[in-house]
Amino acid sequence: MAQYWYNVETHEVEKDAQSDWQKLIGPYETRAEAEAAPERVRARNEAADAFDEDDDE
């Protein structure tokens, strides 16, 4: 079964990891999931930042 990866340098989805692993987010089961990776990362970062701000109080 193919796996899909999001390349953070090229901003493109790769099928079956073609680049250096340090440039990739994944694996994902579908191309659509890999395409959504940047949004998922942004949302998780915002949630972590909010948690950190709450922890500082």
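Using amide H atoms built in the peptide plane, which far-off residues or other-chain residues are under 5 Å from E12 H to H?
Result for E12 returns N7.
I need the phi-derived Karplus couplings for region 40-49: 6.51 cos²θ - 1.76 cosθ + 1.60, θ = phi - 60°, integer Hz, Gly and Pro marked x.
Per-residue couplings from phi come out as 5, 5, 4, 5, 5, 5, 4, 5, 5, 4 Hz.
Provide the gained length on full extension for the span E33 to D49, in nm with one decimal, where the gain is 0.36 nm per separating residue minus the Cα-Cα distance. Present the calculation step by step, with values, prior to reporting the outcome.
On the way: separation 16, 0.36 × 16 = 5.76 nm, distance 2.34 nm.
Additional length available on full extension: 3.4 nm.
Which whole-Hz ³J(HN,Hα) couplings does region 5-12 yield from phi under the Karplus relation 6.51 cos²θ - 1.76 cosθ + 1.60, θ = phi - 60°, glycine and proline marked x?
Listing the rounded values in order: 10, 9, 8, 6, 8, 8, 6, 10 Hz.
Which of the three applies to region 1-45, rounded, prolate or oblate, going by the alpha-carbon gyration tensor with a ≥ b ≥ c and a/c under 1.5 meaning rounded?
Oblate is the answer for region 1-45, as a/c is 1.5 or above yet b/c matches or exceeds a/b.
So for the chain, averaging the separation of alpha carbon pairs under 8 Å that are six or more residues apart and normalising by length, what relative contact order in percent results?
Numbers: 65 pairs, mean separation 16.9, N = 57.
Reported relative contact order: 30 percent.
Scan region 19-56 for GluC sites (Glu not before Pro) in coil per DSSP, keeping those whose Cβ has at most 16 other Cβ atoms within 10 Å, and list them by number.
On the way: sites: E29, E33, E35, E39, E46, E53; in loops: E29.
Answer by residue number: E29.
Ignoring any ligand, DNA or RNA, what whole percent of the accessible area of the chain comes from carbon and sulfur when the probe is 1.4 angstrom? Working shown, then result.
Working: 2070 of 4510 Å².
Carbon and sulfur atoms account for 46 percent of the accessible area of the chain.
Give me the net charge for the shell around K23: Cβ to Cβ below 14 angstrom, other residues only, Lys and Arg +1, Asp and Glu -1. Could you put the intermediate results ahead of the total?
Working: positive: none; negative: E9, E12, E14, D20.
Taking every other residue near K23 into account, the sum is -4.
The values are calculated or read from the model by the stated rules, or taken from the named source; none is laboratory data. Every value quoted in this text rests on a predicted model; they were computed, and no experiment measured them. Reconstructed Cβ throughout: ideal geometry from the backbone, glycine too, with neighbour counts over all protein chains shown. Accessible surface areas use protein heavy atoms only, side chains included; no ligands, DNA or RNA. Shrake-Rupley method; radii C 1.70, N 1.55, O 1.52, S 1.80 Å.
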